[in-house]
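Everything below concerns the one structure shown next.
The values are calculated or read from the model by the stated rules, or taken from the named source; none is laboratory data. Given the structure is predicted, the values throughout are model-derived calculations rather than measurements. Positions of Cβ are backbone-derived with ideal geometry, glycine not excepted, and every protein chain shown enters the neighbour counts.
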Amino acid sequence: MLKKSLALLQREAAETGGNTLKRTLNGVSLVALGIGVIIGAGLFSLTGLAAANHAGPAVTLSFVVAAVGCAFSALCYAEFAALVPVAGSAYTYSYATMGELFAWIIGWDLVLEYSVGAATVAISWSQYLVKFLGKYGLHLPARLVMSPFEHATLADGTVVTGYANVPGMLIVLAITAVIVRGTSGSAWFNALVVALKVAVVLVFIALGWRYIDPANYQPYIPANTGTFGEFGLSGILRGAGVVFFVFIGFDIVATMAQETKNPQRNMPIGIIGSLVVCTVLFVLFGHVLTGLANYKEFKDSAAPVAIAIEKTPYAWLSTAIIGAILIGYTSVILVDLLGQSRVFFSMAKDGLLPPVFARIHPRFRTPLQSNLLLGAFISVFAGFVPISVVGEMTSIGTLLAFVLVCAGILILRKTDPDAPRSFRTPWVPVVPILGIATCLLMMVSLPGATWVRLFVWLALGLAIYYGYGRKNSKLRQARDAGAREGQ
């Protein structure tokens, strides 16, 4: 239960020299990073399902409710990121407020979420690439877009087994090559990607707005069927639970604190700004989607945008949407890889992981070895493990991080109330308590298999912690050395 003091964390944040991360990011870069991971393919699929099964046209209100739930956690993240501007995000905040064991648990869990998330997105990226190229008559060999555990039936009836998902591997390696050269280059690449996919969302909104049929909004809030969550007010809430996961990603911005110029000012801008921008875009997107087609038409459809586009004369927009999904997935992989390597960097710097993960390249000032090792591992995972095994990327680890960050604000306001805070979470303790309650409610609603996966991964992590991390903890070694000197 050893804790890092705020003074120690702030000294680490102020360190300079060859083995520190280079500060290149500003507020705009951070907002772009947040948007880059928040706007993914989920927007183009979950919106229709939430409307068809739960909220109807009032899916726009579901987005607002989900955004408010995220805002509680975002405000807590913003205070921590400004107060303790070091890499590591929730891992570092837990170290300061709850102790080393809690910090390890949440850090290890974030590693799982970022790793599996990047691999899952890479596999999906490959599948969308096949569809996109197919529209232009280009067909990749089936054996080279599947893992060895997957099969496909060709047009002539032949059943083939995959060799490896080569596009999935290549996209991970390509993104790794971008991020090892520095966060400045990564930020420019991400900004370009974000601009392209936001442009597609805006084009859909602008072109679709002209063809909205007001009759599709009648009734705006469909009457409840008698079952909780099927329309009515409860349907709006259930819809919020569905689209909540579209928002998750702003927290990764906090992992970049040690590479941010003037983090006390820019970290709150990045975290809250990306959430606000995405909320506005999502509400407009949902409004146009349910205005173009009746919400009932989206039932059981993973491609509601294609249904909506059929109501307009812009058939080419369907291809643009697939392109936007490819672009969106690319930026999600980039930010996942950035976030994971920065959590590893912080844990290794504290001695809880081998020192190789804390080494900084003298020229690029990035954790080169960490990026290369993790990139290679995730690319192999994406190439040789089927998506059915990788599983649907859930957010239980992220929600657990949200709970601990909100709890950490409550603890720190009691233990260190006079610490200088350039940004303060408003209405404490109300906001953190609401954040905890919202996230716990979301966690309880997740399927049992997700909890099993979490517990298995945490058991493995605890074995590593007690076998390596606890013995090599720099904080513990410093305490023991001080105790010996005092004898």
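If you scan region 437-487, which residues turn out to be closer than 14 Å to G397 by Cα and of a type in the set (V, I, T)?
Passing the criteria: V444, T450, V452, V456.
Please go through region 150-173 and pick out each residue that is surrounded by 15 or more Cβ atoms within 10 Å (Cβ to Cβ) and in a loop (DSSP other than H, G, I, E, B).
Of everything in region 150-173, those that are surrounded by 15 or more Cβ atoms within 10 Å (Cβ to Cβ) and in a loop (DSSP other than H, G, I, E, B) turn out to be E150, G162, Y163, A164.
For the structure I just gave you, tell me whether A306 is of a type in the set (A, V, I, L, M), surrounded by fewer than 19 Cβ atoms within 10 Å (Cβ to Cβ), assigned to a helix (DSSP H, G or I) and at pLDDT below 80.
Yes; evaluated as a whole, the condition is true for this residue.
Please verify whether region 456-476 includes one or more residues that are in a loop (DSSP other than H, G, I, E, B), hydroxyl-bearing (S, T, Y) and surrounded by 15 or more Cβ atoms within 10 Å (Cβ to Cβ).
yes
Testing L460 on (1) closer than 29 Å to A74 by Cβ; (2) out of contact with any Lys or Arg (no Cβ under 7 Å at 6 or more places or on another chain); (3) modelled with pLDDT of 80 or more; (4) not polar (S, T, N, Q), one condition comes back false. Which one is that?
Going through (1) closer than 29 Å to A74 by Cβ; (2) out of contact with any Lys or Arg (no Cβ under 7 Å at 6 or more places or on another chain); (3) modelled with pLDDT of 80 or more; (4) not polar (S, T, N, Q) one by one, L460 breaks only (1).
Let me confirm something: among S147, S126, which residue is crowded, with 24+ Cβ neighbours inside 10 Å, more than 26 Å from A407 (Cα to Cα) and hydroxyl-bearing (S, T, Y)?
S126
Here is a list: T450, T398. Which entry is more than 27 Å from L9 (Cα to Cα) and either surrounded by 12 or more Cβ atoms within 10 Å (Cβ to Cβ) or in contact with a Cys (Cβ under 7 Å, 6 or more places away or on another chain) (or both)?
It is T450.
Conditions first: (1) in a helix (DSSP H, G or I); (2) of a type outside the set (K, R); (3) exposed (fewer than 11 other Cβ atoms within 10 Å of the Cβ). D418 passes all but one, so which condition is the exception?
With (1) in a helix (DSSP H, G or I); (2) of a type outside the set (K, R); (3) exposed (fewer than 11 other Cβ atoms within 10 Å of the Cβ) applied to D418, the lone miss is (1).
State which residue is modelled with the highest pLDDT when the search covers only region 289-303 and only residues that are over 14 Å from H54 (Cβ atoms) and surrounded by fewer than 19 Cβ atoms within 10 Å (Cβ to Cβ).
Looking at residues that are over 14 Å from H54 (Cβ atoms) and surrounded by fewer than 19 Cβ atoms within 10 Å (Cβ to Cβ), I get E297.
Could you tell me whether any residue of region 355-372 is polar (S, T, N, Q), modelled with pLDDT of 85 or more, over 24 Å from A206 (Cα atoms) and crowded, with 24+ Cβ neighbours inside 10 Å?
yes
Only residues that are in contact with a Gly (Cβ under 8 Å, 6 or more places away or on another chain) and surrounded by fewer than 24 Cβ atoms within 10 Å (Cβ to Cβ): list them for region 267-276, please.
Those that are in contact with a Gly (Cβ under 8 Å, 6 or more places away or on another chain) and surrounded by fewer than 24 Cβ atoms within 10 Å (Cβ to Cβ): I269, G273.
Looking at region 309-330, which of the residues that are farther than 30 Å from V116 by Cα, touching a Gly at 6+ places or on another chain (Cβ under 9 Å) and not polar (S, T, N, Q) is modelled with the lowest pLDDT?
L317
Inspect region 205-219 for any residue being modelled with pLDDT of 90 or more, of a type in the set (S, T, N, Q) and either touching a helix residue (DSSP H, G or I) at 6+ places or on another chain (Cβ under 7 Å) or assigned to a loop (DSSP other than H, G, I, E, B) (or both) and give the result as yes or no.
Within region 205-219, one or more residues are modelled with pLDDT of 90 or more, of a type in the set (S, T, N, Q) and either touching a helix residue (DSSP H, G or I) at 6+ places or on another chain (Cβ under 7 Å) or assigned to a loop (DSSP other than H, G, I, E, B) (or both).
Given the structure, is F231 surrounded by 24 or more Cβ atoms within 10 Å (Cβ to Cβ), closer than 26 Å to A55 by Cβ and more than 22 Å from the chain's Cα centre (by Cα)?
The answer is no for F231.
For region 1-101, list the helices (runs of 4 or more DSSP H) that sit wholly inside it and hold at least 3 residues that are surrounded by 21 or more Cβ atoms within 10 Å (Cβ to Cβ) and at pLDDT 75 or above; which are they?
Of the helices (runs of 4 or more DSSP H) lying wholly inside region 1-101, those with at least 3 residues that are surrounded by 21 or more Cβ atoms within 10 Å (Cβ to Cβ) and at pLDDT 75 or above span 27-38, 42-50, 59-83, 90-97.
Enumerate the pairs (first residue in region 172-199 and of a type outside the set (D, E, K, R); second residue anywhere and crowded, with 18+ Cβ neighbours inside 10 Å and at pLDDT below 70) with beta-carbon separation below 8 Å, excluding pairs fewer than 6 apart on the same chain, so at least 6 apart or on different chains.
V178/S186; I179/S186; T183/L21
Quick one: would you say T176 is outside any loop (DSSP other than H, G, I, E, B) and either at positive phi or of a type in the set (S, T, N, Q) (or both)?
Considered against the rule, which asks whether it is outside any loop (DSSP other than H, G, I, E, B) and either at positive phi or of a type in the set (S, T, N, Q) (or both), T176 comes out as yes.
I'm trying to understand the selection: among the residues of region 220-248, which are part of a loop (DSSP other than H, G, I, E, B), closer than 21 Å to F282 by Cβ and touching a His at 6+ places or on another chain (Cβ under 8 Å)?
G229, F231
Given the criterion over 19 Å from the mean Cα position of the chain (by Cα) and at pLDDT 85 or above, identify the matching residue among G185, G162.
G162
The rows are residues; the columns are (1) touching a Phe, Trp or Tyr at 6+ places or on another chain (Cβ under 7 Å); (2) part of a helix (DSSP H, G or I); (3) modelled with pLDDT of 80 or more.
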residue	(1), (2), (3)
M347	yes, yes, yes
L353	yes, no, yes
F377	no, yes, yes
G397	no, yes, no
V405	yes, yes, yes
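Within region 238-254, does at least one residue satisfy the condition of being at pLDDT 90 or above and either more than 19 Å from the chain's Cα centre (by Cα) or not polar (S, T, N, Q) (or both)?
No, region 238-254 contains no residue that is at pLDDT 90 or above and either more than 19 Å from the chain's Cα centre (by Cα) or not polar (S, T, N, Q) (or both).
If I179 meets every condition in (1) of a type in the set (A, V, I, L, M, F, W, C); (2) buried (at least 17 other Cβ atoms within 10 Å of the Cβ); (3) more than 26 Å from H361 (Cβ to Cβ) apart from one, which number is that one?
(3)
Against the condition closer than 27 Å to L334 by Cβ, under 19 Å from the mean Cα position of the chain (by Cα), in a helix (DSSP H, G or I) and at pLDDT 80 or above, how does V198 come out, does it pass?
Here the answer is yes, as V198 does meet what is asked.
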